[in-house]
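Before any comments, here is the structure.
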Amino acid sequence: MSANGSRVISVGHYQPEKVLTNDDLAKMVDTSHEWIVSRVGIEERRIAAEDETVADMAVGASRRALADAGLGPGDIDMIIVATVSAKDVCPNTACRIADTLGVAAPAAIDVNTACSGFEYALAQADMAIRTGGATRALVVGAEKLTAVTDWEDRSSCVLFGDGAGAVVVEGTDDPDLAVSPVVWGSEPSMSDVIRIEEDAPYIKQAGQTVFRWATTQLAPLVEKVAESADVKLSDLAAFIPHQANLRIIQGIAKRLDFGDDCVVADDIIYSGNTSAASVPLALSKLIQDGKIASGAPILLFGFGGGLTYAGQVIRCP
Amino acid sequence: MALSRDEIREGLSDILEEVAGVNPDDVADDKSFTDDLDVDSLAMVEVVVAAEEKFGVKIPDDEVANLKNVGDAVSYIEKG
(Lines give C-alpha, C1' and ligand atoms only; values in the text may rest on other atoms or scores of the structure.)
Protein backbone atom coordinates (compact mmCIF):
# COMPACT_ATOMS: atom_id res chain seq x y z
CA MET A 1 0.00 0.00 0.00
CA SER A 2 1.28 3.43 -0.82
CA ALA A 3 -0.02 6.92 -0.11
CA ASN A 4 0.15 10.10 -2.18
CA GLY A 5 2.09 11.80 0.57
CA SER A 6 3.21 11.57 4.17
CA ARG A 7 2.57 13.83 7.12
CA VAL A 8 4.10 14.43 10.52
CA ILE A 9 1.55 13.32 13.14
CA SER A 10 3.50 13.78 16.39
CA VAL A 11 6.71 15.07 17.95
CA GLY A 12 8.81 14.35 21.04
CA HIS A 13 12.17 15.31 22.47
CA TYR A 14 14.61 14.35 25.15
CA GLN A 15 17.42 16.32 26.76
CA PRO A 16 19.81 15.14 29.46
CA GLU A 17 19.27 16.52 32.95
CA LYS A 18 22.65 18.15 33.42
CA VAL A 19 22.84 21.82 32.42
CA LEU A 20 26.27 23.24 31.55
CA THR A 21 26.26 27.04 31.79
CA ASN A 22 28.70 29.50 30.27
CA ASP A 23 29.98 30.24 33.76
CA ASP A 24 30.74 26.52 34.16
CA LEU A 25 32.74 26.65 30.91
CA ALA A 26 34.61 29.74 32.08
CA LYS A 27 36.05 27.56 34.87
CA MET A 28 37.34 25.06 32.29
CA VAL A 29 38.75 27.26 29.49
CA ASP A 30 39.59 30.94 28.94
CA THR A 31 36.11 32.27 28.10
CA SER A 32 33.19 34.18 29.62
CA HIS A 33 29.40 34.29 29.51
CA GLU A 34 29.51 37.61 27.63
CA TRP A 35 32.03 36.34 25.06
CA ILE A 36 29.98 33.22 24.28
CA VAL A 37 26.62 35.04 24.13
CA SER A 38 27.98 37.73 21.81
CA ARG A 39 29.69 35.25 19.45
CA VAL A 40 27.15 32.43 19.22
CA GLY A 41 24.12 33.35 21.33
CA ILE A 42 24.31 30.26 23.56
CA GLU A 43 23.46 30.70 27.26
CA GLU A 44 23.49 27.06 28.34
CA ARG A 45 23.49 23.53 26.94
CA ARG A 46 22.57 20.03 28.17
CA ILE A 47 25.25 17.40 28.68
CA ALA A 48 24.62 13.66 28.65
CA ALA A 49 25.78 11.50 31.53
CA GLU A 50 28.98 9.52 30.99
CA ASP A 51 27.07 6.28 30.41
CA GLU A 52 24.15 7.84 28.49
CA THR A 53 24.36 6.96 24.79
CA VAL A 54 22.98 8.42 21.57
CA ALA A 55 20.57 5.48 21.45
CA ASP A 56 19.38 6.17 25.03
CA MET A 57 18.51 9.75 24.14
CA ALA A 58 16.93 8.66 20.84
CA VAL A 59 14.74 6.21 22.76
CA GLY A 60 13.69 8.98 25.16
CA ALA A 61 12.55 11.20 22.28
CA SER A 62 10.93 8.30 20.41
CA ARG A 63 8.86 7.22 23.41
CA ARG A 64 7.46 10.74 23.70
CA ALA A 65 6.70 10.99 19.99
CA LEU A 66 4.87 7.65 20.09
CA ALA A 67 2.94 8.64 23.22
CA ASP A 68 2.05 11.99 21.62
CA ALA A 69 0.51 10.06 18.70
CA GLY A 70 -1.19 7.50 20.99
CA LEU A 71 0.74 4.74 19.23
CA GLY A 72 2.73 1.73 20.36
CA PRO A 73 5.78 -0.07 18.98
CA GLY A 74 3.55 -2.37 16.90
CA ASP A 75 2.41 0.61 14.82
CA ILE A 76 5.87 1.40 13.42
CA ASP A 77 7.47 -0.34 10.43
CA MET A 78 10.39 1.99 9.74
CA ILE A 79 12.98 3.74 11.93
CA ILE A 80 15.45 6.25 10.52
CA VAL A 81 17.98 7.89 12.81
CA ALA A 82 20.14 10.85 11.88
CA THR A 83 23.32 10.97 13.93
CA VAL A 84 26.96 11.84 13.50
CA SER A 85 28.06 10.94 17.02
CA ALA A 86 26.91 7.34 17.64
CA LYS A 87 30.11 5.63 18.76
CA ASP A 88 29.10 2.12 17.76
CA VAL A 89 29.26 1.36 14.06
CA CYS A 90 27.23 -1.86 14.29
CA PRO A 91 24.44 -2.38 15.17
CA ASN A 92 23.17 0.98 14.00
CA THR A 93 21.21 3.23 16.34
CA ALA A 94 17.91 2.47 14.56
CA CYS A 95 18.21 -1.23 15.48
CA ARG A 96 19.11 -0.35 19.07
CA ILE A 97 16.01 1.85 19.34
CA ALA A 98 13.84 -0.87 17.79
CA ASP A 99 15.15 -3.45 20.24
CA THR A 100 14.62 -1.22 23.29
CA LEU A 101 11.13 -0.08 22.24
CA GLY A 102 10.05 -3.53 21.06
CA VAL A 103 9.40 -2.57 17.42
CA ALA A 104 9.38 -6.02 15.84
CA ALA A 105 10.78 -5.84 12.29
CA PRO A 106 11.17 -2.29 11.04
CA ALA A 107 13.29 -1.13 8.14
CA ALA A 108 16.11 0.33 10.24
CA ILE A 109 18.52 2.93 8.86
CA ASP A 110 21.07 5.40 10.24
CA VAL A 111 21.77 8.50 8.20
CA ASN A 112 24.98 10.51 8.47
CA THR A 113 24.82 13.90 6.85
CA ALA A 114 25.86 15.69 10.05
CA CYS A 115 23.73 18.74 10.90
CA SER A 116 21.33 18.26 7.97
CA GLY A 117 20.70 14.62 8.95
CA PHE A 118 17.16 14.98 10.25
CA GLU A 119 15.88 16.58 7.03
CA TYR A 120 17.61 13.89 4.94
CA ALA A 121 16.02 11.21 7.17
CA LEU A 122 12.57 12.79 6.96
CA ALA A 123 12.87 12.91 3.15
CA GLN A 124 13.73 9.22 3.03
CA ALA A 125 10.80 8.31 5.29
CA ASP A 126 8.51 10.41 3.06
CA MET A 127 9.74 8.61 -0.06
CA ALA A 128 9.40 5.17 1.56
CA ILE A 129 5.80 5.90 2.58
CA ARG A 130 4.89 7.31 -0.84
CA THR A 131 6.28 4.26 -2.64
CA GLY A 132 4.80 1.68 -0.28
CA GLY A 133 8.06 0.75 1.44
CA ALA A 134 6.68 1.75 4.83
CA THR A 135 3.36 2.76 6.37
CA ARG A 136 4.45 4.58 9.51
CA ALA A 137 7.97 5.75 10.33
CA LEU A 138 9.78 7.00 13.38
CA VAL A 139 12.30 9.67 12.31
CA VAL A 140 14.85 10.67 14.93
CA GLY A 141 17.76 13.09 15.25
CA ALA A 142 20.02 12.22 18.20
CA GLU A 143 23.49 13.38 19.19
CA LYS A 144 26.04 13.17 21.96
CA LEU A 145 28.34 15.85 20.60
CA THR A 146 30.04 16.29 23.96
CA ALA A 147 31.70 12.90 23.30
CA VAL A 148 33.38 14.35 20.18
CA THR A 149 34.20 17.76 21.69
CA ASP A 150 37.76 18.92 22.35
CA TRP A 151 37.33 20.35 25.86
CA GLU A 152 40.64 22.21 25.61
CA ASP A 153 39.65 24.14 22.47
CA ARG A 154 37.99 27.33 23.72
CA SER A 155 36.66 28.22 20.25
CA SER A 156 34.68 24.99 19.79
CA CYS A 157 33.89 23.48 23.22
CA VAL A 158 31.44 26.30 24.02
CA LEU A 159 29.26 25.38 21.04
CA PHE A 160 28.02 21.85 21.50
CA GLY A 161 25.33 20.00 23.45
CA ASP A 162 23.49 16.69 23.59
CA GLY A 163 19.89 15.70 22.96
CA ALA A 164 17.35 14.09 20.68
CA GLY A 165 14.12 14.88 18.85
CA ALA A 166 11.72 12.57 17.05
CA VAL A 167 8.64 12.65 14.85
CA VAL A 168 6.17 10.02 13.67
CA VAL A 169 5.29 10.15 9.98
CA GLU A 170 2.44 8.33 8.25
CA GLY A 171 0.69 8.32 4.88
CA THR A 172 -1.86 10.93 3.85
CA ASP A 173 -3.80 11.65 0.69
CA ASP A 174 -4.44 15.24 1.74
CA PRO A 175 -1.91 17.45 -0.11
CA ASP A 176 -2.51 20.29 2.36
CA LEU A 177 -1.01 18.22 5.19
CA ALA A 178 1.78 16.50 3.31
CA VAL A 179 5.53 16.88 3.78
CA SER A 180 6.77 18.84 0.75
CA PRO A 181 9.28 17.47 -1.78
CA VAL A 182 12.75 17.78 -0.28
CA VAL A 183 15.36 20.22 -1.57
CA TRP A 184 18.70 18.64 -0.74
CA GLY A 185 22.28 18.63 -1.88
CA SER A 186 25.87 19.14 -0.89
CA GLU A 187 28.99 21.20 -1.44
CA PRO A 188 31.67 18.50 -1.59
CA SER A 189 34.43 20.95 -2.57
CA MET A 190 34.09 22.27 1.00
CA SER A 191 34.30 18.84 2.64
CA ASP A 192 37.30 19.82 4.79
CA VAL A 193 35.53 22.72 6.43
CA ILE A 194 33.80 20.67 9.18
CA ARG A 195 35.44 17.41 10.25
CA ILE A 196 35.40 14.63 12.82
CA GLU A 197 38.25 12.40 11.65
CA GLU A 198 39.69 9.16 12.88
CA ASP A 199 43.08 10.52 13.92
CA ALA A 200 41.54 13.48 15.77
CA PRO A 201 38.05 12.42 16.78
CA TYR A 202 36.82 15.88 17.71
CA ILE A 203 34.72 18.37 15.82
CA LYS A 204 37.00 20.75 13.96
CA GLN A 205 35.67 23.56 11.83
CA ALA A 206 36.81 26.59 9.88
CA GLY A 207 34.42 28.96 11.62
CA GLN A 208 34.72 31.95 9.32
CA THR A 209 34.32 29.82 6.17
CA VAL A 210 31.25 28.05 7.55
CA PHE A 211 29.79 31.38 8.66
CA ARG A 212 30.32 32.94 5.23
CA TRP A 213 28.80 29.93 3.44
CA ALA A 214 25.80 29.80 5.76
CA THR A 215 25.01 33.51 5.72
CA THR A 216 25.48 34.02 1.95
CA GLN A 217 24.55 30.73 0.21
CA LEU A 218 21.66 29.29 2.22
CA ALA A 219 18.90 31.91 2.00
CA PRO A 220 18.30 31.18 -1.73
CA LEU A 221 18.07 27.46 -0.90
CA VAL A 222 15.48 28.18 1.78
CA GLU A 223 13.51 30.12 -0.86
CA LYS A 224 13.74 27.08 -3.10
CA VAL A 225 12.32 24.88 -0.33
CA ALA A 226 9.31 27.19 0.01
CA GLU A 227 8.87 27.25 -3.78
CA SER A 228 9.03 23.47 -3.95
CA ALA A 229 6.32 23.32 -1.25
CA ASP A 230 4.24 25.94 -3.08
CA VAL A 231 4.17 28.03 0.10
CA LYS A 232 5.05 31.73 0.34
CA LEU A 233 7.77 32.61 2.86
CA SER A 234 5.39 35.26 4.22
CA ASP A 235 2.81 32.54 5.01
CA LEU A 236 5.12 30.39 7.13
CA ALA A 237 4.16 29.96 10.78
CA ALA A 238 7.70 28.96 11.71
CA PHE A 239 11.22 28.69 10.30
CA ILE A 240 13.35 26.09 12.03
CA PRO A 241 16.91 26.10 10.71
CA HIS A 242 19.70 24.00 12.15
CA GLN A 243 20.70 25.62 15.42
CA ALA A 244 24.37 26.22 14.62
CA ASN A 245 24.92 29.74 15.88
CA LEU A 246 22.36 32.46 16.66
CA ARG A 247 24.22 34.88 14.39
CA ILE A 248 23.99 32.42 11.47
CA ILE A 249 20.25 31.98 12.12
CA GLN A 250 19.77 35.77 12.18
CA GLY A 251 22.05 36.16 9.15
CA ILE A 252 19.92 33.77 7.10
CA ALA A 253 16.59 35.08 8.40
CA LYS A 254 17.33 38.73 7.60
CA ARG A 255 17.70 37.82 3.91
CA LEU A 256 14.24 36.21 3.80
CA ASP A 257 10.80 37.85 3.67
CA PHE A 258 9.08 36.12 6.54
CA GLY A 259 5.83 37.50 7.93
CA ASP A 260 5.86 39.36 11.26
CA ASP A 261 4.18 36.39 12.96
CA CYS A 262 6.68 33.81 11.74
CA VAL A 263 8.49 32.14 14.64
CA VAL A 264 12.22 31.80 13.94
CA ALA A 265 13.53 29.01 16.16
CA ASP A 266 16.23 30.05 18.64
CA ASP A 267 16.51 26.99 20.85
CA ILE A 268 20.30 27.21 20.46
CA ILE A 269 20.18 29.70 23.35
CA TYR A 270 19.20 26.87 25.73
CA SER A 271 20.54 23.77 23.97
CA GLY A 272 23.69 24.75 22.08
CA ASN A 273 24.46 23.16 18.73
CA THR A 274 23.15 19.58 18.78
CA SER A 275 23.78 18.80 15.08
CA ALA A 276 21.11 16.45 13.67
CA ALA A 277 19.05 16.72 16.86
CA SER A 278 18.71 20.50 16.76
CA VAL A 279 15.79 20.85 14.35
CA PRO A 280 13.50 18.12 15.78
CA LEU A 281 14.39 19.33 19.29
CA ALA A 282 13.41 22.91 18.49
CA LEU A 283 10.33 21.72 16.57
CA SER A 284 9.10 19.57 19.43
CA LYS A 285 9.57 22.35 21.99
CA LEU A 286 7.75 24.96 19.87
CA ILE A 287 4.80 22.62 19.32
CA GLN A 288 4.71 21.55 22.96
CA ASP A 289 4.69 25.21 24.02
CA GLY A 290 1.68 25.82 21.76
CA LYS A 291 3.57 28.33 19.60
CA ILE A 292 2.29 26.92 16.28
CA ALA A 293 -1.30 26.26 15.20
CA SER A 294 -2.24 22.79 13.97
CA GLY A 295 -2.00 22.58 10.18
CA ALA A 296 0.25 25.66 9.90
CA PRO A 297 3.28 25.42 7.58
CA ILE A 298 6.72 25.05 9.17
CA LEU A 299 9.91 25.20 7.11
CA LEU A 300 12.73 22.92 8.32
CA PHE A 301 16.23 23.51 7.01
CA GLY A 302 19.38 21.61 7.97
CA PHE A 303 22.95 22.43 6.91
CA GLY A 304 26.40 21.42 8.03
CA GLY A 305 29.26 18.98 7.67
CA GLY A 306 29.88 17.59 4.22
CA LEU A 307 28.96 20.27 3.46
CA THR A 308 25.36 19.12 3.13
CA TYR A 309 21.94 20.75 3.28
CA ALA A 310 18.30 19.69 3.09
CA GLY A 311 14.92 21.20 3.80
CA GLN A 312 11.19 20.73 3.47
CA VAL A 313 7.92 22.23 4.64
CA ILE A 314 5.79 20.22 7.06
CA ARG A 315 2.40 20.97 8.59
CA CYS A 316 2.12 21.33 12.34
CA PRO A 317 0.48 18.15 13.71
CA MET B 1 37.59 55.48 -12.63
CA ALA B 2 39.26 53.78 -9.67
CA LEU B 3 38.19 54.93 -6.23
CA SER B 4 40.62 56.91 -4.10
CA ARG B 5 41.80 55.60 -0.73
CA ASP B 6 39.58 58.18 0.98
CA GLU B 7 36.54 56.99 -0.95
CA ILE B 8 37.28 53.36 -0.13
CA ARG B 9 37.78 54.18 3.56
CA GLU B 10 34.49 56.08 3.60
CA GLY B 11 32.65 53.14 2.01
CA LEU B 12 34.27 50.74 4.46
CA SER B 13 33.30 53.01 7.31
CA ASP B 14 29.63 52.87 6.24
CA ILE B 15 29.82 49.06 6.18
CA LEU B 16 31.50 48.91 9.58
CA GLU B 17 28.82 51.14 11.04
CA GLU B 18 25.97 49.12 9.57
CA VAL B 19 27.34 45.62 10.19
CA ALA B 20 29.26 46.03 13.43
CA GLY B 21 27.99 49.29 14.93
CA VAL B 22 31.40 51.00 14.63
CA ASN B 23 31.39 54.78 15.10
CA PRO B 24 32.61 56.32 11.79
CA ASP B 25 34.71 58.82 13.78
CA ASP B 26 36.84 55.90 15.03
CA VAL B 27 37.72 54.60 11.56
CA ALA B 28 41.32 55.36 10.49
CA ASP B 29 44.03 53.42 8.65
CA ASP B 30 45.96 52.50 11.79
CA LYS B 31 42.91 51.16 13.68
CA SER B 32 42.89 47.39 14.27
CA PHE B 33 39.56 45.73 13.51
CA THR B 34 39.79 43.43 16.51
CA ASP B 35 41.59 45.49 19.14
CA ASP B 36 40.41 49.04 18.38
CA LEU B 37 37.06 48.67 16.64
CA ASP B 38 35.79 45.55 18.47
CA VAL B 39 34.95 43.73 15.22
CA ASP B 40 35.00 40.00 16.08
CA SER B 41 35.90 37.22 13.62
CA LEU B 42 32.32 36.61 12.47
CA ALA B 43 31.50 40.30 12.12
CA MET B 44 34.69 40.55 10.06
CA VAL B 45 33.18 38.00 7.64
CA GLU B 46 30.05 40.16 7.38
CA VAL B 47 32.19 43.22 6.70
CA VAL B 48 34.13 41.33 4.01
CA VAL B 49 30.97 40.03 2.32
CA ALA B 50 29.49 43.54 2.27
CA ALA B 51 32.80 44.99 0.97
CA GLU B 52 32.89 42.41 -1.85
CA GLU B 53 29.41 43.50 -2.94
CA LYS B 54 30.10 47.21 -2.61
CA PHE B 55 33.53 47.34 -4.26
CA GLY B 56 33.22 44.40 -6.68
CA VAL B 57 36.32 42.63 -5.33
CA LYS B 58 36.97 39.07 -4.11
CA ILE B 59 38.38 38.68 -0.61
CA PRO B 60 39.00 34.96 0.06
CA ASP B 61 38.88 33.58 3.64
CA ASP B 62 42.66 33.04 3.62
CA GLU B 63 43.15 36.73 2.93
CA VAL B 64 40.79 37.92 5.69
CA ALA B 65 43.32 36.93 8.37
CA ASN B 66 45.87 39.32 6.80
CA LEU B 67 43.55 42.30 7.04
CA LYS B 68 44.54 43.42 10.53
CA ASN B 69 43.72 47.10 10.35
CA VAL B 70 41.59 49.45 8.27
CA GLY B 71 44.60 50.46 6.14
CA ASP B 72 45.23 46.79 5.17
CA ALA B 73 41.66 46.48 3.94
CA VAL B 74 41.76 49.79 2.06
CA SER B 75 44.99 48.72 0.32
CA TYR B 76 43.58 45.31 -0.59
CA ILE B 77 40.43 46.83 -2.09
CA GLU B 78 42.50 49.53 -3.84
CA LYS B 79 44.50 46.81 -5.63
CA GLY B 80 41.17 45.25 -6.67
Residue count, segment B:15-29 (criterion: surrounded by fewer than 17 Cβ atoms within 10 Å (Cβ to Cβ) and in contact (Cβ under 8 Å) with a residue 12 or more places away in the chain): 3
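Can you tell me which residue in segment A:135-156 is nearest to A:A282 (Cα to Cα), limited to those that are of a type in the set (K, R) and surrounded by fewer than 24 Cβ atoms within 10 Å (Cβ to Cβ)? Write out each step before concluding.
Step one: list which residues in segment A:135-156 are of a type in the set (K, R), which gives A:136, A:144, A:154.
Now drop any that are not surrounded by fewer than 24 Cβ atoms within 10 Å (Cβ to Cβ), which leaves A:136, A:154.
Values: A:R136: 22, A:R154: 26 Å.
Here the residue is A:R136.
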Regarding segment A:286-297, can at least one residue be identified that is open to solvent by less than 10 Å² (accessible area, probe 1.4 Å) and either in a loop (DSSP other than H, G, I, E, B) or in contact with a Leu (Cβ under 9 Å, 6 or more places away or on another chain) (or both)? no
Since A:G207 meets every condition but one in (1) more than 14 Å from every other protein chain (Cβ to nearest Cβ); (2) under 25 Å from B:S41 (Cα atoms), which condition does it not meet? (1)
Note on segment A:219-245: residues buried (at least 22 other Cβ atoms within 10 Å of the Cβ) and within 14 Å of chain B (Cβ to nearest Cβ) are A:A244, A:N245
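A:D235 - would you say it is modelled with pLDDT under 95 and of a type outside the set (S, T, Y)? Can you show your working first?
Details: modelled with pLDDT under 95: no; of a type outside the set (S, T, Y): yes.
Answer is no for this residue.
Select from segment B:30-57 the residues that are open to solvent by less than 50 Å² (accessible area, probe 1.4 Å) and not in a helix (DSSP H, G or I) and write down the one among them that is nearest to the other protein chains (Cβ to nearest Cβ).
As a first pass, look at segment B:30-57 and keep what is open to solvent by less than 50 Å² (accessible area, probe 1.4 Å): B:32-33, B:37, B:39-40, B:42-52, B:55, B:57.
Retained after the next criterion (residues that are not in a helix (DSSP H, G or I)): B:32-33, B:37, B:39-40, B:57.
On the way: B:S32: 17, B:F33: 13, B:L37: 15, B:V39: 12, B:D40: 6, B:V57: 15 Å.
Among those that are open to solvent by less than 50 Å² (accessible area, probe 1.4 Å) and not in a helix (DSSP H, G or I), it is B:D40.
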Of the conditions (1) over 26 Å from A:V37 (Cα atoms); (2) more than 13 Å from every other protein chain (Cβ to nearest Cβ), B:P60 satisfies every one except a single condition; which number is it? (2)
Could you check how many residues of segment B:58-80 are outside any helix (DSSP H, G or I) and open to solvent by 10 Å² or more (accessible area, probe 1.4 Å)? 8
Conditions (1) of a type in the set (A, V, I, L, M); (2) closer than 25 Å to A:F211 by Cβ; (3) open to solvent by 50 Å² or more (accessible area, probe 1.4 Å): number failed by A:L20: (3)
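The values are calculated or read from the model by the stated rules, or taken from the named source; none is laboratory data. It should be emphasised that the depicted structure is a prediction, and the values quoted were computed from it without experimental measurement. We place every Cβ from the backbone using ideal geometry, glycine too, and count neighbours over all the protein chains shown. Protein only, heavy atoms only, side chains kept; ligands, DNA and RNA dropped before computing areas. Shrake-Rupley method; radii C 1.70, N 1.55, O 1.52, S 1.80 Å.
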